[in-house]
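Each value in this text was obtained by applying a stated rule to the coordinates, not by laboratory testing. From a predicted model like this one, the values you see are computed outputs, not experimental measurements. Here the Cβ positions follow ideal geometry from the backbone for every residue, glycine too, while neighbour counts run over all protein chains shown.
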Ligand SMILES: C[S@@+](CC[C@H](N)C(=O)[O-])C[C@H]1O[C@@H](n2cnc3c(N)ncnc32)[C@H](O)[C@@H]1O
C-alpha cells in the first residue's frame, strides 16, 4: 500500500512525513494537478470555511427532512464547493472513493457539498456516510463524514442531506 498527501502548511507536511515516512507535499491542492491513481482520497478537515464567501443570494427558509436551512446560502455554497470536489476527484482512480469530513455547519451545507459532488460525477455511498462524533473541551461535537464514488448522473437531494445529517 502506498500513502501520500498534500497540505498547504509546511509544518504539517513535515510532521506527516516524519510520522509515516510517506510522500507528503506542500501546496494548494486546488491548483495542483492530481494523479488519478488512488483507491481512497481522504479530506480530513482539509478545507477552510474562511475561504468561502458569505452568501450573495437572497436568504430564504427551506426544509430538508426535519431540518430547516437557508436556501440561498446552500445554493451559493454549491459552486464554491465544486472546485474542491473536482480537485479531490482528480486524485481518485475511476473506481476509487472519496471520504470528506469537515465543518459542515448545517444541513444546507451538507446539501451543497453533495450537490457539488454530484456536479463532478460523484455519488454518495450512503451506507458508509456517517457523522464523526468527537469529545472536545467544549463537549461532544459531530461532523458529517461523507463518502462518494464515481457514478453515472448522480443526484443529491435535500432528503439525502437530512438523512446523513441526522446520523
Ligand atoms: C483543520 S486543519 C486539518 C489538518 C489535518 N488534515 C488533520 O486532520 O489534522 C486544515 C488543514 O487544511 C489545509 N488546507 C486547507 N485548504 C487547503 C488547500 N486548498 N490546499 C492544501 N491544504 C489546504 C490547511 O493548510 C490545514 O493544515
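Computed values, structure above
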item	result
Rounded Å value of the spacing that divides the Cα centres of segment 1-34 and segment 104-132	24
Sorted peptide list for 113-123, 19-29, 76-86, criterion being average Cβ within 10 angstrom, highest first	113-123, 76-86, 19-29
Calculated FRET efficiency for the pair residue 63/residue 17, C-beta based, R₀ 45 Å, to 0.05	0.45
Inter-label distance, nm, simple model (7 Å from Cα along the C-beta direction), residue 126/residue 103	3.1
Rel. contact order, % - alpha carbon contacts under 8 angstrom, at least six apart, segment 68-166	33
Residue order, fewest to most surrounding Cβ atoms within 10 angstrom, among 149, 68	68, 149
Point-to-point label distance, residue 3-residue 40, nm (Cα→Cβ direction, 7 Å offset)	1.0
Extension gain from residue 141 to residue 33, taking 0.36 nm per residue of separation minus the Cα-Cα distance	35.5 nm
Helix 71-89 vs. the chain, principal-axis angle (Cα, 0 to 90°, nearest 10)	20
Pairs of Cα atoms farther than 24 Å apart, segment 38-165, %	24
Estimated translational D of segment 10-64 in µm²/s (Stokes, Kirkwood radius over Cα pairs; 37 °C; 0.692 mPa s)	219
Compactness of segment 77-143 as Cα Rg over 2.2 N^0.38 Å, two decimals	1.20
